[in-house]
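Here's the structure we're looking at; comments come further down.
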Amino acid sequence: MIRFSEVLVTYEDGGPPVVGPVDLTVPEGELCLVVGGSGTGKSTLLGTVSGLVPHFTGGTLRGRVEVAGRDTRTHRPRDLADVVGTVGQDPLGHFVTDTVEDELAYGMESLGLPPATMRRRVEETLDLLGLAELRDRPLAALSGGQQQRVAIGSVLTPHPRVLVLDEPTSALDPAAAEEVLAVLHRLVHDLGTTVLMAEHRLERVVHHADRILLLPGPGQAPVLGEPAEVMARSAVHPPVVGLGRLVGWDPLPLSVRDARRRAAPLRERLATHASAPTPAPAPAPLAAVPLLAVRRLAVRRDRVEVLRGVSLTVTAGETVALMGRNGAGKSTLLRTLVGMHAPAGGSVELGGGEGAPVVPHRTGPGRLLRRVGLVPQDPRDVLFEETVRGECAAADADAGAAPGTCRALVTRLLPEVPDAAHPRDLSEGQRLALALAVILTAAPPVLLLDEPTRGLDYGAKARLAGVVRELSAAGHCAVLATHDVELAAEVAHRTVVLADGEVVADGPTAEVVTASPSFAPQVAKVLAPGPWLTVAQVGAALNGGAAPGAPAPGGVR
């Protein structure tokens with residue numbers, strides 16, 4: 001169905017190839033998962049299948065990509081629209097209409113399908129993806145995860161023979177991600193649809209893949225093979241594979257079910273010979289100092305009460321994971337904390353600076369920057385310069401930091417990001433790392449991160465976790481709105497769960513996440529009822545040491 005013949009893609013004359021050489025075939029009815037670190041060319045490879053590369057993105061494509069017998073060099077994206085459905089990393093960039101139902105119908109209208117067929121397929125897709133209640137909603141009013149589901153639905157309704165998906169579950173809560181993956185599994189197995197998918201959250205998708213294409217990085221040949229074989233050598237792998245590597249399981253398990261079947265001896269060993277894991281690093285000695293106080297907060301948007309009765313106090317040294325299904329109000333809460341929404345009721349106060357606490361929506365941007373910083377879901381909202389170098393220089397100037405402070409943070413999070421690159425030319429993960437560095441340069445007492453691991457590989461996530469721990473040790477606090485249960489297990493002291501705008505759980509992370517099948521990390525599911533959350537904790541116990549995760553000395557300034 002998809003044939004790559006000695007494919008090389010370059011974006012600069014004489015520059016190294018971004019992708020290639022790639023020479024392989026993806027047959028009909030197969031789900032092929034593309035794996036690799038941030039910036040290894042996954043999105044570019046997917047773009048060659050839809051024709052976006054090079055017809056839309058520019059650059060030079062050498063070799064040949066054929067989809068259902070059509071050569072993408074001579075067939076532009078519109079010439080492939082009846083056989084290829086594409087969802088990129090940015091759902092907003094995908095939309096062409098204003099409401100959910102119109103967006104689901106648009107692709108079929110473009111292909112001239114009969115109205116009765118269009119109506120039936122729209123209803124089927126609304127049910128499949130849990131969008132029926134949102135059918136008349138404006139797309140701009142949806143949460144990031146809801147927008148992602150609509151984007152996926154809009155390419156399902158024309159019934160393409162090939163689906164090209166770039167980070168399709170990155171903004172979805174665990175339950176919604178499982179629903180989407182179940183739909184893809186049905187399309188592949190029952191209808192023979194071919195799916196080419198790139199995804200960093202491998203714990204969600206690796207067990208669904210028929211084969212995995214590993215892109216190790218520039219100058220290294222791609223590796224195509226069976227999932228267990230590729231995971232045995234891949235630098236990026238989900239926690240369940242990391243656990244299998246740690247204890248020497250062969251073949252490696254790819255799912256929680258497979259791992260649990262083999263984990264009984266490991267559970268017995270941990271229960272008998274190992275002490276309980278060290279909890280997440282304890283708050284700094286300044287824990288009595290509240291940096292953020294939310295009291296019975298209510299927020300309305302377009303006459304809809306998005307938040308009601310939310311109370312939350314975060315003290316110096318704490319890291320809090322904010323979790324809940326798509327549309328629960330997580331992003332609205334974070335935006336309210338930086339003054340983007342005025343409360344309809346209740347109050348918000350920020351401490352940590354000079355003088356009395358401040359009310360965000362009544363405080364000027366310059367003063368607010370010294371109290372709180374938000375990294376939004378879309379990193380482009382905080383990136384305005386023409387180059388990475390320019391962004392870093394502006395961040396240093398705005399924060400009053402020493403020149404090179406922001407660049408050092410970028411290098412730490414993703415070392416390969418070049419100074420001269422335009423932010424729009426970076427991958428989603430690279431843009432996020434840049435936005436994180438821009439906000440962290442000011443080292444605000446309160447750091448707010450909205451889906452901070454979207455587009456980040458496991459190595460970048462580990463580096464981000466290290467930065468958050470250092471901030472915690474230095475007396476800052478962080479609130480992370482995230483669907484990444486593995487990140488919450490690694491760094492959060494507390495986990496707060498929102499549902500329909502209300503707090504339904506607030507407690508130590510180990511207690512909250514293990515009490516929920518949706519929010520429990522993979523290691524917790526494999527080793528239940530034990531208290532283990534991460535591979536690092538298990539490794540430390542087996543080696544007789546303390547579980548890692550204690551804050552590093554010093555802080556990020």
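The values are calculated or read from the model by the stated rules, or taken from the named source; none is laboratory data. Only a predicted model underlies this, so the values are computations on that prediction, with no experimental measurement involved. Note: ideal-geometry Cβ built from the backbone for every residue, glycine included; neighbour counts use all protein chains shown. Just so you know, the surface numbers come from the protein's heavy atoms only, side chains and all, with ligands and any DNA or RNA stripped out. Shrake-Rupley method; radii C 1.70, N 1.55, O 1.52, S 1.80 Å.
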Test item: Cα-centred dipole of region 86-232, Lys/Arg +1 and Asp/Glu -1 on Cβ, debye: 260 debye
Of the listed peptides 416-425, 367-376, what is their order by residue-averaged count of other C-beta atoms within 10 Å, with the highest listed first? 367-376, 416-425
So what's region 479-526 giving for Rg/Rh, alpha carbon basis, Kirkwood Rh from the mean inverse pair distance? 0.93
Compute the Rg to Rh ratio over region 280-418 from the alpha carbon atoms, using the Kirkwood formula for Rh, and round to two decimal places. 0.99
In sequence order, calculated HN-Hα J values of region 73-82 (Karplus, 6.51, -1.76, 1.60; Hz; x Gly/Pro): 5, 10, 10, 6, x, 5, 7, 10, 4, 7
Accessible area (Å², 1.4 Å probe, nearest 10) - residue 525: 80 Å²
The chain - percent of accessible surface contributed by carbon and sulfur, probe 1.4 Å: 52 percent
Select from 348, 89, 217 the residue farthest towards the positive end of the dipole of the chain; place +1 on Cβ of Lys and Arg, -1 on Cβ of Asp and Glu, and compute about the Cα centre. 348
Note down the magnitude of the dipole of the chain about its Cα centre, charges +1 on Lys and Arg C-beta and -1 on Asp and Glu C-beta and zero elsewhere, to the nearest 20 debye. 1040 debye
Counting all C-alpha pairs of region 44-150, share separated by more than 22 Å (%): 41 percent
Using only alpha carbon positions, build the gyration tensor of region 56-99, then give the equivalent ellipsoid semi-axes as the square roots of 5 times its eigenvalues, largest first, whole angstrom. 24, 14, 9
Surface accessible to a 1.4 Å probe, per residue, for the residues of region 406-498, Å²: 22 Å²
When each pair of different Cα atoms in region 156-274 is counted once in the 1/r mean, what is the Kirkwood radius in angstroms, to one decimal? 16.0 Å
Starting from the amide H of residue 307, placed 1.01 Å from N in the peptide plane, find each other amide H under 5 Å away whose residue is 5 or more places distant or on another chain. 299
Let me check I've understood the local charge: for residue 189, count other residues with C-beta under 11 angstrom from its C-beta, Lys and Arg +1, Asp and Glu -1. What total comes out? -2
Convert 4 °C to kelvin, take the viscosity as 1.567 mPa s, use the Kirkwood radius over C-alpha pairs of region 1-63 as Rh, and evaluate the Stokes-Einstein diffusion coefficient in µm²/s, rounded to a whole number. 106 µm²/s
May I ask which residue of 507, 125, 60 lies farthest towards the positive end of the charge dipole of the chain, with charges of +1 (Lys, Arg) and -1 (Asp, Glu) on Cβ and the Cα centre as origin? 507
Using modelled amide H (1.01 Å from N, peptide plane; none on Pro or chain starts), what sits under 5 Å from the amide H of residue 19, excluding residues fewer than 5 places away? 9
Would you grab the residues whose amide H sits under 5 Å from the one on residue 292? Only those 5+ places off in sequence or on another chain, please, with H modelled 1.01 Å from N. 314, 351
Between residue 182 and residue 11, take the C-beta separation as r, use R0 = 30 Å, and let me know the FRET efficiency to the nearest 0.05. 0.25
Calculate the tail of P(r) for region 111-201: the fraction of all Cα-Cα distances greater than 17 Å, expressed in %. 50 percent
For the chain, find the longest principal axis of its Cα atoms and tell me its angle to the long axis of helix 100-111, 0 to 90°, nearest 10. 20 degrees
Computed over the Cα atoms of region 366-513, the Rg and Dmax in Å are 15.3, 46
Which value, to two decimals, describes the C-alpha radius of gyration of the chain once divided by 2.2 N^0.38 Å? 0.96
